[in-house]
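Colleague: Got a structure here, written out as structure tokens. Questions coming.
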Amino acid sequence: MFEIDTAGFFRDLEGFLAAQAPAPLSPVDRAARALLQAWPTRDAFWRICGTEVTGVEVAEYLVGALHILERDGWHQGHYQDHRTGARCIRAVLLEARKAGYGDFDTSCLAERVLELILCSATGARTVLFVDWNDAPERTFAEVKALFEDGIEFARLYGPPPNAAVTVEVVR
């Protein structure tokens, strides 16, 4: 008679199947996939405000905004706590423009990058970062991670300086 080690067989099978499964995508990679599906060309995303903005410019803007957030603190409920100086995400992004980290177009794209990251992380079609900021369960660590993912996304997937404008016309 043969003795079959069924427990060992299933353990080995589970290990084999786990090794075959693709690694889950990060929010940054999911956002890139969503971006490529949403527009005929990714360059269209970076020109939604009418001027050419590079991924590096958006990343630098978000780095500046994150610096302000870490320096002044994070806040929920309204733009700023005037006693402590802490700000919500919207106020931090506005302050970054005032501080010279970028212009209006760059700030619009920075907002769009954050919302794209949130959509990819939650699976929702639309997530407004102002509402996400004010969710009662939200933490500063999550807000910081959102900015860090946005910075990484902009650097990896934004167009480089002097990128050729390529827009497909679909008739």
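Where a number appears in this text, it was derived from the coordinates with a stated rule and is not lab data. As the structure is a computational prediction, the values presented were derived from the model and not from experiment. For neighbour counting, all protein chains shown are included, and Cβ atoms are generated from backbone atoms with ideal geometry for every residue, glycine included.
Colleague: So for the stretch 83-153, averaging the separation of alpha carbon pairs under 8 Å that are six or more residues apart and normalising by length, what relative contact order in percent results?
Modeller: That works out to 32 percent.
Colleague: Give me the percent relative contact order of the stretch 113-165, please, defined on Cα pairs under 8 angstrom at least 6 residues apart.
Modeller: Reported as a whole number, the value is 40 percent.
Colleague: Let me ask something else. Filter the trypsin sites (Lys or Arg not before Pro) in the stretch 65-146 down to the DSSP loop ones having no more than 16 other Cβ atoms within 10 Å, then list what survives.
Modeller: 83, 125, 138
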